[in-house]
Amino acid sequence: MRTAITNLGVVLSGDWRDPFIDADTLVTDAGLIESVGAAGGVDLDSCDVVIDAGGATVAPGLIDSHVHLAFGDFTPRQNTVGYLESYVHGGTTTVLSAGEVHIPGRPTDVAGVKALAVAAHKCYENYRPGGMRVHAGSLLLEPGLTPEDFAAVRADGVWLTKAGFGAVESAKDYVELVAMAKAAGLVTTLHTGGCSIPGTFPVTGEDVLDIDPDISFHINGGPVAIEDRYYDVIAGETQMGMQVCAAGNLRTGILAAEAAHRHDAFDRLLIGTDTPTGSGIMPLGMLYTIIHMAAVSDLDVVDLIGAATGNVARVFGLNNGLVAPGRDADLIVIDAPLGGTKDTALDAMKNGDMAAIGAVITDGVPRFVGRSRNTPPTTRPITVARSSVLRDF
């Protein structure tokens, strides 16, 4: 499918260091961004769908780097069907597994955790709820895993691994497991902070430094945060990703972002939701995290959008998250909410208001155009100007 978005007021790149693109038209073809530029250089007649953004803002689709997947579009933790499709209506076009820990009867033996990771990975390769991309199958680290086990799951396509819910005796037992996972080429992630559920144990800031994962998950608490002093240490003395989550501590999330800026480590700041968990299902969790952090601090909205898009893409090695030719065509059109006091999406978000989502495109295919079922309506009309596709967007 060839899709064009025209009459754009603001184009956000997803790169917080260079956040704005001078363009008013974006074209996608065969699932990739083809061009970003001026309307005069585009043959709109060659497009299957033309969306008129009405002067609104386009941005990369949000990438939720912390979702506890199960199988299908269902979460046993909250006994809810259709939550992932609902996240698409919240502007999230990609999710990454934080471990399939909520599967009823989840195995803890070596053969079982390997089988679970491989099965989840392969199932979601063939299933895109609401059109979103799902990177599932995060190997849960358990005692007894060997270098051969890590190599075997990597050969089957699994590339994520999670420390923090295994049957280890202490956090220090993850040091060797994480090192083996890294050596096999897996991206290693670590539960950070106090206990999230009964039967688990805290992972302190000192533990994080000893274990040295690629990414410190919910560094602002999931939901209980580490000591404040470790934010500067992790930002300034390590190379690990620093993930801030909606289900964590807002105050320490801001501390983490500020520390990342101080140490020129903001490229490593990531945003996720850490849902579904006891905090519930949060279709607008990514947007609310950006909005809340920006509204009550000096943090810039476009920096935080970058932490939810381009930064995640770089740290996890994804092809979306940035608006540029050749990147996956996963995009959102956002605007100021109708009835608000601000005129643009960015100003509304800085003001603490929810952005209005007027369209979501994934893989170059419009999933809806006009309004989201989860946000206020847009101030500007966002419409399908022309379509030769027999589909109601």
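The values are calculated or read from the model by the stated rules, or taken from the named source; none is laboratory data. Remember, predicted model here, so these are calculated numbers, not experimental data. Positions of Cβ are generated from backbone atoms using ideal geometry, with glycine treated the same way; all protein chains shown enter the neighbour counts. The protein model used for the area step is the full one, side chains on, heavy atoms only, and it has no ligands, DNA or RNA in it. Shrake-Rupley method; radii C 1.70, N 1.55, O 1.52, S 1.80 Å.
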- Task: Considering every residue within region 280-298, establish whether at least one is modelled with pLDDT of 95 or more, assigned to a strand (DSSP E or B), on the phi < 0 side of the Ramachandran plot and of a type in the set (A, V, I, L, M, F, W, C).
- Result: no
- Task: Among the residues of region 314-345, write down those that are surrounded by 24 or more Cβ atoms within 10 Å (Cβ to Cβ) and part of a helix (DSSP H, G or I).
- Result: Ala345
- Query: Can you name every residue in region 255-279 that is assigned to a strand (DSSP E or B) and open to solvent by less than 10 Å² (accessible area, probe 1.4 Å)?
  - Reply: Leu269, Leu270, Ile271, Gly272, Thr275
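Would you tally the residues in region 31-43 being among the charged types (D, E, K, R) and either touching a residue at least 60 places away in the same chain (Cβ under 8 Å) or not in a loop (DSSP other than H, G, I, E, B) (or both)?
1
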- Within the group Met286, Met354, which residue is among the aliphatic types (A, V, I, L, M), under 28 Å from Asp52 (Cα atoms) and open to solvent by less than 10 Å² (accessible area, probe 1.4 Å)? Met286
- Within region 231-241, work out how many residues are open to solvent by less than 10 Å² (accessible area, probe 1.4 Å) and either more than 24 Å from Ala181 (Cα to Cα) or part of a helix (DSSP H, G or I) (or both). 3
- Query: In this structure, does Ala225 turn out to be of a type in the set (A, V, I, L, M, F, W, C), open to solvent by less than 60 Å² (accessible area, probe 1.4 Å), touching a helix residue (DSSP H, G or I) at 6+ places or on another chain (Cβ under 6 Å) and assigned to a helix (DSSP H, G or I)?
  - Reply: no
- Item | Identity of the residue in region 1-24, touching a Phe, Trp or Tyr at 6+ places or on another chain (Cβ under 9 Å) and of a type in the set (A, V, I, L, M, F, W, C), that ends up surrounded by the most Cβ atoms within 10 Å (Cβ to Cβ) | Leu12
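Select from region 22-44 the residues that are under 22 Å from the mean Cα position of the chain (by Cα) and among the aliphatic types (A, V, I, L, M) and list them in ascending order. If you could, list the steps in order and put the result at the bottom.
If we filter region 22-44 for residues that are under 22 Å from the mean Cα position of the chain (by Cα), which is where we start, we get 28, 31-33.
Scanning region 22-44 gives Leu32, Ile33.
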- Name the pairs whose Cβ atoms lie under 7 Å apart, with the first residue in region 322-338 and closer than 17 Å to Ala355 by Cβ and without any contact (Cβ under 8 Å) to a residue 60 or more places away in the chain, the second open to solvent by less than 10 Å² (accessible area, probe 1.4 Å) and not in a loop (DSSP other than H, G, I, E, B), and 6 or more positions between them or separate chains? Ala336/Ala345; Ala336/Ala348; Ala336/Ala356; Pro337/Ala348; Pro337/Ala356; Leu338/Ala356
- Query: When residues of region 242-253 are filtered for being under 22 Å from Ala98 (Cα atoms) and surrounded by fewer than 24 Cβ atoms within 10 Å (Cβ to Cβ), how many remain?
  - Reply: 4
- Message: Which numbered condition in (1) out of contact with any strand residue (DSSP E or B) (no Cβ under 8 Å at 6 or more places or on another chain); (2) open to solvent by 10 Å² or more (accessible area, probe 1.4 Å); (3) within 26 Å of Asp18 (Cα to Cα) is the only one that Ile291 fails?
- Response: (2)
- Any residue in region 363-386 that is more than 14 Å from Val301 (Cβ to Cβ), of a type in the set (A, V, I, L, M), out of contact with any Ser or Thr (no Cβ under 8 Å at 6 or more places or on another chain) and open to solvent by 20 Å² or more (accessible area, probe 1.4 Å)? yes
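Yes or no, residue by residue, for (1) at positive phi; (2) in a loop (DSSP other than H, G, I, E, B); (3) modelled with pLDDT under 95:
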site	(1), (2), (3)
Asp45	no, no, yes
Gly55	yes, yes, no
His66	no, no, no
Gly72	yes, yes, no
Leu84	no, no, no
Pro107	no, yes, no
- Query: Out of the residues in region 158-167 that are open to solvent by less than 20 Å² (accessible area, probe 1.4 Å) and part of a loop (DSSP other than H, G, I, E, B), which is farthest from Gly222 (Cα to Cα)?
  - Reply: Val158
